[in-house]
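No lab work stands behind these numbers, since they all come straight from the coordinates. What you see is a predicted model, and the numbers here were worked out from it, not measured in a lab. Cβ placement follows ideal geometry from the backbone for every residue including glycine, while neighbour counts extend to all protein chains displayed.
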Amino acid sequence: MAALEKIRKRSVFLMIVVGGALAAFVLGDLFKLDSLFRDSSAAKVDNTTIGIQEFQNRFNLAQEQEKNQQNKTESADLQQQVLGQMAFETIVDEESEENGVEAGTELLTAMINQDQRASAWAQQYVQATGQQTIQAPSDLDKIVGKDEVINQIVSKDEWEAFKDEMEHNIRAQKIMMLVGGAIMPNDLDLLEMQNDDEVMEVVLTKKDYTSLEDKKFEPTQDEIKAVYDEYKNLWKLNEKTVIAHAIAVPIAPSAADIKAADALYAKAYATLQGKGIDALRNINEFSNVQEMKLTDAQAKQLGQQLRDSVFANWAVSSEANATHQFKEDLNYALFQKVKSEELLDTIKVKQVTVEGNKAAQDKVLAALNAGQDVSKMKGVQVMPEQPVPVQGAQLPDSIITKFESATDKYVVFQSTDKGAMLVKTTYQKKSMFYTVNMSTYQVAASKKTTADLHDGLEKFIDKNKNATDFAKNAAAAKFQAQEVMLSSSVPSIAGIPGSRDVIKWALNDAEEGQVSSVFQLNSAMVAVAIDEIVDADFLPLETKNVNEFCKAKAMALKKAEAMKQQYEGKFKSVDEYAKAFAAPVDTTTFSFSSMYADKVIMTNPAGIEGDGGFIGAAAAAKQGQVGFWAGNCAAYAFVVKSKKATMKMKQEELAMKWASTYGFAGQRQQLMQGVIFNSAKIKNNLVKFQ
């Protein structure tokens, strides 16, 4: 059933944990198509299939777009983003069709014209052709796939994928606005708006439940089950889930590895000092020599990045062939100064593009150098003056020479039989540059250390071959066994790159109680023990964490009820309650919207809710009247001593304030995505075929 229909049919609609609804739909490492059945799907959204090939194409495109980025997304996380986006688009398509929502040509054109990618493509095209043949980025739609120049900038497939993305975004925004309009503030929401800045001064005393004997309040199994039924949406599952304990041993260099690296570092530095940079290249670990041209400011910036406090001063003031060394933790760096010289740093350039043959180009060039205005000449476009960072752009010497020769007249920068670019340098700035050679080395674990780490974990597994012993005995063996929940939508264990293979084993091959062999990854040795395999809609009550939560909550409810029976309404003042509680009287201040209140127990060590509900109880109490409230951690007797009233607002004014604070343009947008995403039944099939 569609999201909008669900909202219309529910009177009590919203108990949603958004927490990154899209981000929760996770995939693992890239699969190979050859290993999949022809009719297999990457995912199924309600009754709509996202095909393997379709997903593969989108993933390849995402990888291509990331190719030139310095910080690349981990493969499993990139797949998460791609398939999560595809699933969301599928839901939006379904909702759009059902509710008659279209992107619209005018809105699509406007979105394309405002997009930075489209603007960049259009600008590159104009610069490459020297012709103003398009008036707006949306005009690219007429030539992509037909024009050779634009095809080198953006392919037909990439352009169509971009347009699809724009259309999906428009439909998604419209759908979210429709869904958002169905969620309105209730009376408590409006009360929070009214009392947002209203400060209450409250006198209170409390009886902490830790003063009560737990054994007198042990809940029955029925009471625990009642809590589970009330809270079970906290443990809703959309896919098969494995509860396991995992041990991850970082593959880090040993003391012996570091000692050997220190010796190598000393040898390398002596080589650099005695024989120079060419000899250093013969030492394998330090052969990655980079030459850098740095300004004073850039030397300071690099020194800060390295956390080397003396590098900048050394780079600027040292003589040619001077050397420098720096070490931090497992990172080693060696430097040699090459030279200091004044070089062209930044220029400002005027550019004129000419459409036409050589004769037309020469005519415009002559007119420019005669001081004439050429902006109205046919096929001529005069570009605004712009700065060019010469050294930062790492321009070839031949280009720099052209710019230097164009200081007093326009010159031909680039020319074909169809057009040319003419340039004139209007400003030159020279700076001192310091050329430095740098070599860096990071110590890694040796083969022996890696083998020892592997053998140590393997010996532990040999002695603890079932899940119970694995978790129970890990600490004694100086391992940390961390409880994890694994599913198709988990890209890695504890963020360890490449640990998707461990998850695949747990989901596809493992049995309850089984312990894996050692998985040797690039950064860690990993082993897991399977506690429980859950293939149901909710984590069962028997699951350890679930059972612990429900038992703690049921016990808290029994204690609260006992406190009510014993104390509520029995005393006329907070002082009398304090005497009965054998507790002090405290004063605290807070507002209705406060997330914290001093003297109130806000967190519970048992993992259930704290007593934040006390804030609501105090806000609802009459000023000056003794109140009693029993929460999850303590029972409270209190009096609201004063309220500093804020300006009263009408109901419609409060609704407007709520909408502007939590509305579609604000915090509610993420909520709307969560509502839409959770309206569909999504099945992730990828892990079955990887």
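Applying both filters, DSSP loop and at most 16 other Cβ atoms within 10 Å, to the trypsin sites (Lys or Arg not before Pro) of segment 120-172 gives K146.
Here the label points at Q116 and H454, each 7 Å from Cα along the C-beta direction, are separated by 4.5 nm in the simple model. With the charge dipole of segment 254-444 set up from +1 on Lys and Arg Cβ and -1 on Asp and Glu Cβ about the Cα centre, the Cα lying farthest toward the positive end among the listed residues I400, A279, T425 is that of T425. Restricting segment 301-360 to GluC sites (Glu not before Pro) that sit in a DSSP loop and have at most 13 other Cβ atoms within 10 Å of their own Cβ leaves E319.
Placing a pseudo-label 7 Å from each Cα along the Cα-to-Cβ vector at A494 and T73 gives an inter-label distance of 2.6 nm.
Taking 0.36 nm per residue of separation and subtracting the current Cα-Cα distance, fully stretching the chain between T133 and E97 would add 9.3 nm. Per-residue extension of 0.36 nm, minus the Cα-Cα distance of M292 and S254, leaves a gain of 10.4 nm for this segment. With bins 5 Å wide beginning at 0, the percent of Cα pairs of segment 353-421 falling in each bin runs 3, 15, 24, 24, 18, 11, 5, 0. Each label was represented as a point 7 Å from its Cα along the Cα-to-Cβ direction; for S573 and K358 these points are 10.8 nm apart. Summing charges over all other residues whose Cβ lies under 9 Å from the Cβ of A244, with Lys and Arg as +1 and Asp and Glu as -1, gives -3. Computed from the Cβ-Cβ distance with R0 of 45 Å, the FRET efficiency linking K339 to E385 stands at 0.90.
Hull volume per residue, based on the alpha-carbon atoms of segment 254-444 and their convex hull, is 149 Å³. Given their separation in residues at 0.36 nm each and the Cα-Cα distance between them, Q623 and K544 gain 24.0 nm when the chain is fully extended.
Cβ-Cβ distance of T220 and D535, R₀ of 35 Å, FRET efficiency by 1/(1 + (r/R0)^6): the value works out to about 0.75. As a size descriptor, the averaged projected area of the C-alpha convex hull of segment 462-514 was calculated at 4.1 nm². Here the calculated FRET efficiency for N186 and S523, from their Cβ-Cβ distance with R0 = 60 Å, stands at 0.80, rounded to the nearest 0.05.
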